[in-house]
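The values are calculated or read from the model by the stated rules, or taken from the named source; none is laboratory data. Quick caveat, the model's predicted, so the values are computed rather than measured. Reconstructed Cβ throughout: ideal geometry from the backbone, glycine too, with neighbour counts over all protein chains shown. Just the protein is used for accessible areas: all its heavy atoms, side chains included, with ligands, DNA and RNA removed. Shrake-Rupley method; radii C 1.70, N 1.55, O 1.52, S 1.80 Å.
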Amino acid sequence: MSKPSLLKKLNLKYPIFQSPMAGVSTPEMASAVAAAGGLGALPLATLDFTQDSVTAFEKLDKLVEATGTNAVNLNFFCHEVESPPSQVQADNWKALYRNVIADAKFKQVIDSTKFANGNISFKEIERDQDKLAKLVDKLKSIKPSIISFHFGIPSNNIIDELKKIALVFATATSLQEARHLKSNGIDGIILQGIEAGGHRGQFIDTFQPHLDEDLSTQALFHKVKQSLANDGIYLVPAGGITSPNSVKYYLNQGADAVQIGTAFLATPESSSSKFFTKYSGEESTVMTALVSGKPARCVRTPFIDDVVQKNQFPLSDLPPYGYAYDAYKKLKGELGANGGAGEDIGFYLAGQNHFQLRKGKSTSEVMQELTRELA
Ligand SMILES: Cc1cc2nc3c(=O)[nH]c(=O)nc-3n(C[C@H](O)[C@H](O)[C@H](O)COP(=O)(O)O)c2cc1C
């Protein structure tokens, strides 16, 4: 089944999507990507649309206003709704962090940590018909180019409703997930390879990481293209695409666009730029679920090494995603940038090709470079 080109459909100069990067990308980044001819993104995972207050809706308005265009990708997390941690999970988390942050004066801070859900899933919003209707109305008034989901998708009737507003995209990390998205009416798939920075958007077999094939972006793209290319679904590889040649490669191979995150991490428009501009590029990355509760590729700092090496608990005996991540963020807030004890306890999400970061370049300069090989 042939489909209209994404460039025409979205009125873009270049088929380059900026990755939504919760806590890292900014409206200024999305704006610069849009001005350079690509598609900017606004990650909304930390806005709680389930609350009665109007704050999340106001914040969304402000984000779109600061971007200066509604031709953006509005991105939601859509993981299964988690329960608050059990006493055992909460105690284990405290034991882990007491072990990692050894300075006795922080024991009280760690022990008094309260667990709350910091990453609201779209599935949670779906449970409240009033809030859902309000959010859908808001999305109708914004009319973004794309509404996208990471870690899963909402129910079919909501997907149908959202498709009247925008193209609906979601992340897949395997052919099985891509097929699931296709059969549930999703318009386009972000094919996230194992190289990608940030959280792995996996939503099938999430509790069985040993069954994850860990496909590279290239292998995943070709595998899915072979199966679904003629099904009229847009395919957008993501992960490790940091050079003009890699952009050109995927587009020549039939990708409808590429999604890029790590290449923008050291730009002044990234809220992580302070860390990444100091960066040698020789650092390793590692995939770990121990900080947030879900597998994420991040820089292997001494803090991450400590967490991985000192942890004695299986993931299922630690607080679930959302709660674990929020507790970690609170702890970081309490302890200050240097973990109180002189160690940087930042959790710096980045992809394997971070060594190609353009330090000192702005988002628009990175865009200029990435599009260099495109006619
Ligand atoms: C710092 C960071 C934060 C991310 N946050 C999100 C997010 O909020 N939503 C999402 O769908 N993907 C998120 N991702 C994953 C990206 O969508 C994409 O898969 C990834 O950036 C592609 O790999 P690359 O970083 O090597 O370019 C994030 C990636 C990074 C690097």
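Contact order for the chain, expressed relative to its length and based on alpha carbon pairs under 8 Å spaced 6+ residues apart, stands at 21 percent.
Taking other residues whose beta carbon is less than 11 angstrom from the beta carbon of Thr301, and scoring Lys, Arg as +1 and Asp, Glu as -1, yields -4.
Strictly greater than 15 Å: what percent of every Cα pair in segment 126-189 meets that? Across segment 126-189, Cα pairs with separations above 15 Å total 49 percent. Our coupling estimate for segment 6-21, obtained by passing each phi through the Karplus curve with A = 6.51, B = -1.76, C = 1.60 and θ = phi - 60°, is 4, 4, 5, 4, 9, 6, 10, 7, 10, x, 10, 9, 6, 5, x, 10 Hz, Gly and Pro reported as x. Efficiency by 1/(1 + (r/R0)^6): what FRET value for Thr55 and Gln226, r their Cβ-Cβ distance, R0 = 41 Å, to the nearest 0.05? Result of the calculation: an efficiency of 0.35. Distance between the modelled labels on Lys329 and Gln208, one decimal in nanometres: 3.2 nm (7 Å Cα→Cβ projection).
Listed by chain and number, the lysines whose C-alpha is less than 18 Å from the C-alpha of Lys225, apart from same-chain residues fewer than 8 away, are Lys3, Lys182, Lys248.
Around the amide H of Ser148, modelled in the peptide plane, lie the amide H atoms of Leu74, Asn75, Phe76, Phe169, all under 5 Å away and 5 or more residues distant in sequence or on another chain. Scalar couplings 3J(HN,Hα) for segment 234-240, obtained by applying the Karplus form with A = 6.51, B = -1.76, C = 1.60 to θ = phi - 60°, are 6, 10, 10, x, 8, x, x Hz; x denotes Gly and Pro. If R0 is 41 Å, the Cβ-Cβ spacing of Phe313 and Ala375 corresponds to a FRET efficiency of close to 0.15. Here Lys114 is the anchor, and the lysines within straight C-alpha reach of less than 19 Å, apart from those fewer than 8 places off in the same chain, are Lys94, Lys105, Lys329, Lys330, Lys332.
Sequence-distant contacts, meaning Cα pairs under 8 Å at least 6 residues apart, place the relative contact order of segment 253-347 at 21 percent.
Within the same chain, lysines fewer than 8 places from Lys359 are excluded, and of the rest, those with a Cα less than 17 Å from its Cα are Lys274, Lys278.
Can you tell me the mean projection area, over all orientations, of the convex hull of segment 77-176's alpha carbons? Units nm², please.
Numbers: hull surface 38.2 nm².
So the Cα hull casts an average projection of 9.5 nm².
Of Ala255, Ala133, Ala266, which is the most mobile in a GNM of the chain whose springs link Cα atoms less than 10 angstrom apart? Looking only at Ala255, Ala133, Ala266, the biggest GNM fluctuation is shown by Ala133. Simple spin-label estimate for Ser86 and Glu65 gives 4.7 nm between the two label positions (7 Å along the Cα-to-Cβ direction from each Cα). When Lys123, Lys114 are compared by accessible surface with a 1.4 Å probe, the order from highest to lowest is Lys114, Lys123. Per-residue Karplus couplings for segment 200-216, computed as 6.51 cos²θ - 1.76 cosθ + 1.60 with θ equal to phi - 60°, are listed in order as 6, x, 3, 9, 10, 6, 5, 9, 10, x, 5, 8, 6, 6, 6, 5, 5 Hz, Gly and Pro entered as x.
Taking amide H positions as modeled 1.01 Å from N, with prolines and chain starts lacking one, the residues under 5 Å from Thr285 and 5 or more places away or on another chain are Arg300. Under a 5 Å amide H cut-off, with hydrogens placed 1.01 Å from N, Glu373 pairs with nothing among residues at least 5 apart or on other chains.
Which shape class applies to segment 112-267: rounded if a/c is under 1.5, otherwise prolate when a/b exceeds b/c and oblate if not, where a ≥ b ≥ c are the square roots of the Cα gyration tensor eigenvalues? Prolate.
With contacts taken as Cα pairs under 8 Å at a separation of at least 6 residues, segment 97-175 carries a relative contact order of 24 percent.
Have a look at the DSSP beta bridges in the chain and tell me what percent are antiparallel, nearest 5. So the antiparallel bridges amount to about 20 percent of the total. Of the trypsin sites (Lys or Arg not before Pro) found in segment 1-30, those that fall in a DSSP loop while having at most 15 other beta-carbon atoms within 10 Å are Lys13. Normalised by 2.2 N^0.38 Å, where N is the number of residues, the alpha-carbon radius of gyration of segment 155-201 equals 1.21. Computed over the alpha-carbon pairs of the chain, the distance histogram in 10 Å steps reads 5, 24, 34, 26, 9, 1, 0 percent, short to long.
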